Each structure stands twice: as C-alpha cells, then as structure tokens.
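Notes follow once the structure below has been shown.
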Amino acid sequence: MGVDIPTPDEIKRIVHAATGRVRPFLVTVIFTGLRSSELCGLRWSDVDLKNGELHVRQRADRYNEIGKPKSESGERVIPVGPLVVNTLKEWRLACPKGELGLVFPNTLGHADIVSRYVWPTMVAAGVVDDKGEAKYTGLHALRHFYASWLINRKADGGLELPLKRIGSDTHRSS
C-alpha cells in the first residue's frame, strides 16, 4: 500500500482532515468501497443503521440520472462498522432534504466531487505528492484501500477476512 493505495496512516489523516459534508462522504467511500455513482445514488431508505448495512439498489450517473447499478451483481448489501454508522447518524441530521431522499444530494458532477472535496481534503491531510498536490487522483484509490483493508492481516491494520467471506458479505444480492 502507499503507491496506488493509501496506507492506513494516510486514511487516518484523510478522515481526521475531512470536515462538513465531505466527512460523511469520505468515511462512507473509504469503509464501504462504493463507487462514486453508487454513493451519489444512495438513498436514506437503503441505509439500515440499526443493522449496520447499506443496500446498493441504484446509482446516479455522471449526469445525475438515477438508474440501476452497473451490473446485476452491483445490487448488494454492504456491512458497515460503528464509524460509518455513527458518521451517517450525525449526517442524517444535517443532510439537506430532497424529494429523492439521497444520502449525498449533489448538484456537482462526479469530477467536481473529487476536485472540490476529495483533493482539498487530501492536501489538508498532508497526503500529497512531491508537487504538493493530492497524492491520489480519484476515488478508486479509496475503493482499493477498502478491499486491501478487508484482506490485510490484523497486524498490518486490516480485518484479515478470508476472500470467500468478503465476496459473500460485500456482494450479496439484496
């Protein structure tokens, strides 16, 4: 980790530096591995905070059009831990309400989310390249962190889950 995938230390710094509406978005992407389009299409009705689960049932494309996930296996249930649950509980109280009931209502395009929210947070966290710019160019690095975090040894800061369990837990149809 560290070249194309953030290290656990970089993730801690990113989460610590994230504020306002950026924090729940980044905490959710980091610890669920959801695609940007899935985050933008996530509805509160698909968030089960009591059972610690997110149900992926739709996505918002780059034009903010709501539709089905990318593939049949895209509909799934993602288990989430206490950090995500508590962050989303707080965010639900502050989240702008809309007729679509989206968790992350957005009038920005996907590229704008990265350039206006993600990159400045990385810079504030000191997660930068040798030019002082955000070290990771998009959300994919955060998705890759999630996958690595699930399988890495506990001694290395991961959850040490077997691949078979990861597949069934994170890609179960809902």
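Within the stretch 54-66, being crowded, with 17+ Cβ neighbours inside 10 Å and within 17 Å of the chain's Cα centre (by Cα) holds for LEU54, HIS55, VAL56, ARG57, GLN58, ARG59, ALA60.
Has the stretch 28-50 got any residue that is within 15 Å of the chain's Cα centre (by Cα), in a strand (DSSP E or B) and farther than 16 Å from ARG143 by Cα? Taking every residue of the stretch 28-50 in turn, at least one turns out to be within 15 Å of the chain's Cα centre (by Cα), in a strand (DSSP E or B) and farther than 16 Å from ARG143 by Cα.
Each residue in the stretch 134-149 was checked for being in contact with a helix residue (DSSP H, G or I) (Cβ under 7 Å, 6 or more places away or on another chain) and in a loop (DSSP other than H, G, I, E, B), and 4 of them qualify. Among the aliphatic types (A, V, I, L, M), without any contact (Cβ under 8 Å) to a residue 40 or more places away in the chain and either under 25 Å from ALA134 (Cβ atoms) or outside any helix (DSSP H, G or I) (or both): does that describe LEU54? Judged against the criteria, LEU54 is a match. Scan the stretch 39-66 for residues that are modelled with pLDDT under 90 and either acidic (Asp, Glu) or farther than 18 Å from PRO105 by Cβ (or both) and the total you get is 2.
Take the conditions (1) exposed (fewer than 12 other Cβ atoms within 10 Å of the Cβ); (2) modelled with pLDDT under 85; (3) not in a helix (DSSP H, G or I); PRO69 misses just one of them, which is (1).
The values are calculated or read from the model by the stated rules, or taken from the named source; none is laboratory data. Quick caveat: nothing in here was measured; it's all calculated off a predicted structure. Using ideal geometry, Cβ is built from the backbone for each residue, glycine included, and neighbour counts are taken over all protein chains shown.
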